[in-house]
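J.: Structure below; questions to follow.
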Amino acid sequence: MRKLAALVLVLASSTATARSASPPGPAAGPTGTVTCAFSHPSYSGWCRISRTLSRTGAQKICRQALACLNDVRCVTTDCNATTIRGGWKLESAQAQPKKN
């Protein structure tokens with residue numbers, strides 16, 4: 001039984017050492033910008049919104065902005081402070097990496 005307990009301790013110790021010895025992952029901070037382009041039949045031209053790009057990805061950020069544009073409860077001032085809510089369509093999501 002002692003041998004088994006010693007083996008468990010050795011394995012746990014080596015796993016913890018392996019984890020601490022690995023290089024740290026990329027930072028979760030901003031990685032650039034994303035420009036989302038939206039269209040609406042009642043809006044003249046394109047609506048473009050720029051947001052800080054994070055590890056969540058450009059598509060997710062643009063889908064969140066789209067959800068706001070299509071929600072009557074949203075009070076953001078995007079798209080020249082339009083009051084048009086509902087019927088928006090995401091046309092593109094273009095990511096620009098952060099320049100070092």
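J.: Kindly provide the trypsin sites (Lys or Arg not before Pro) of the stretch 26-83 that DSSP labels as loop, not H, G, I, E or B, and whose Cβ sees at most 11 other Cβ atoms within 10 Å.
T.: Within the stretch 26-83, the qualifying trypsin sites (Lys or Arg not before Pro) (loop, at most 11 other Cβ atoms within 10 Å) are 73.
J.: Still on this structure, I have one more. Could you list 75, 34 so that the one with the fewest beta carbons within 10 Å of its beta carbon is first and the one with the most is last?
T.: With the fewest neighbours first, 75, 34 line up as 75, 34.
J.: Report, in debye and to the nearest 20, how large the dipole of the stretch 32-97 comes out about its Cα centre when Lys and Arg carry +1 and Asp and Glu carry -1 on their Cβ.
T.: That gives the stretch 32-97 a dipole magnitude of about 180 debye.
J.: Rounded to whole Hz and in sequence order, give me ³J(HN,Hα) for the stretch 47-62 from the Karplus expression 6.51 cos²θ - 1.76 cosθ + 1.60, θ = phi - 60°, writing x for Gly and Pro.
T.: Taking θ as phi minus 60°, the curve returns 9, 10, 10, 10, 9, 6, 7, 10, 5, 5, x, 5, 4, 5, 4, 5 Hz for the stretch 47-62.
J.: Mind checking the full-extension length gain between residue 76 and residue 59? Use 0.36 nm per residue of separation minus the Cα-Cα distance, one decimal, nm.
T.: Extra length from residue 76 to residue 59 when fully extended: 4.2 nm.
J.: Let me make sure I get this right: for the stretch 32-97, a, b and c are the square roots of the gyration tensor eigenvalues over alpha carbons, sorted descending. Under 1.5 in a/c it's rounded, otherwise prolate if a/b > b/c, else oblate. Which is it?
T.: The shape class here is prolate.
J.: If amide hydrogens are placed 1.01 Å from N in the peptide plane, which non-local residues have theirs closer than 5 Å to the one on residue 31?
T.: 53, 54
Every number in this text was worked out from the coordinates using simple rules, so none of it is lab data. Because the structure is predicted, anything quoted here is derived from the model rather than measured. Virtual Cβ from ideal backbone geometry, glycine too; neighbours counted across all protein chains shown.
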